[in-house]
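What follows is a short report on a single structure.
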Amino acid sequence: MEGESGAFRKDSFGVTTRVHVTALDGLVNVNSLFTIAVFVGLTLTTPGQKSLENKTVCDAGPDVAEKLLLFEVVSFSFFLFSSLIAQGLKLAINLLNSKDVDEAFRAHINLTMLRFGMLGSAVGSVMGCLFMMLSLVNVIQIRLGMLSCGSKAAVHAVAALVTLVTTSILTYISTAVYAFTR
């Protein structure tokens, strides 16, 4: 019976590290897509751009463009932070796995440190998403008109953006919390 327990433990380490590497790969891939979106958001706006509302009163001023740039840079920083932590964890797992060629994907890792690293990476992704959402609100105001002017297109776009992004972030957080508590 004790031999079975030892074999089960070995296999669980193999499954655990494989699952963690796969989860970290997914996180890095999603962060890469979001990073591309940040740069696309920056290229879609130009200084002095007129809104589609065709009311000069509703055109966004330089303060909105400044906020856009600030939120884009902060968003990019959080996605980079998250990706670098995830890549570092993957590197550590792969280096530990390479020590024993016969036991690929069975690194004996400090699960507490791995959990803290994955939590830090997840927090970085969530913060990146929040700041990207804020920057997109500013893109909407530059392209469709200021929210303060009551531009229906801008209000509807921001409402949809905030609703969908908030729902997806809450789902991501609850799933992550569920996974960490099990």
Answer with yes or no whether residue 125 is modelled with pLDDT under 90, buried (at least 20 other Cβ atoms within 10 Å of the Cβ) and among the hydroxyl-bearing types (Ser, Thr, Tyr). no
Pairs with Cβ under 7 Å, 6+ apart, first in the range 163-182 and exposed (fewer than 11 other Cβ atoms within 10 Å of the Cβ) and β-branched (Val, Ile, Thr), second at pLDDT below 90 and outside any helix (DSSP H, G or I): none
Pairs only if they're at least six apart or on different chains, beta carbon under 8 angstrom, first in the range 123-148 and closer than 25 Å to residue 58 by Cα and of a type in the set (Val, Ile, Thr), second modelled with pLDDT of 90 or more and not in a helix (DSSP H, G or I); list them, first residue then second. none
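Is there a residue being of a type in the set (S, T, N, Q) and either at pLDDT 75 or above or buried (at least 19 other Cβ atoms within 10 Å of the Cβ) (or both) anywhere in the range 4-16? Outline the logic, then answer.
Here is the first cut: in the range 4-16, the residues of a type in the set (S, T, N, Q) are 5, 12, 16.
Then drop every residue that is not either at pLDDT 75 or above or buried (at least 19 other Cβ atoms within 10 Å of the Cβ) (or both), which leaves none.
Among the residues of the range 4-16, not one is of a type in the set (S, T, N, Q) and either at pLDDT 75 or above or buried (at least 19 other Cβ atoms within 10 Å of the Cβ) (or both), which makes the answer no.
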Can we say residue 145 is buried (at least 22 other Cβ atoms within 10 Å of the Cβ) and modelled with pLDDT of 90 or more? no
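In the range 148-162, which residues are loosely packed, with under 12 Cβ neighbours inside 10 Å and in a helix (DSSP H, G or I)?
The initial filter retains those residues of the range 148-162 that are loosely packed, with under 12 Cβ neighbours inside 10 Å, namely 148, 150, 152, 159-160.
Result: 148, 152, 159, 160.
The values are calculated or read from the model by the stated rules, or taken from the named source; none is laboratory data. What you see is a predicted model; the values in this text were computed from it and never measured. Don't worry about glycine lacking a Cβ; one is built from the backbone with ideal geometry, like all the others, and counts go over all protein chains shown.
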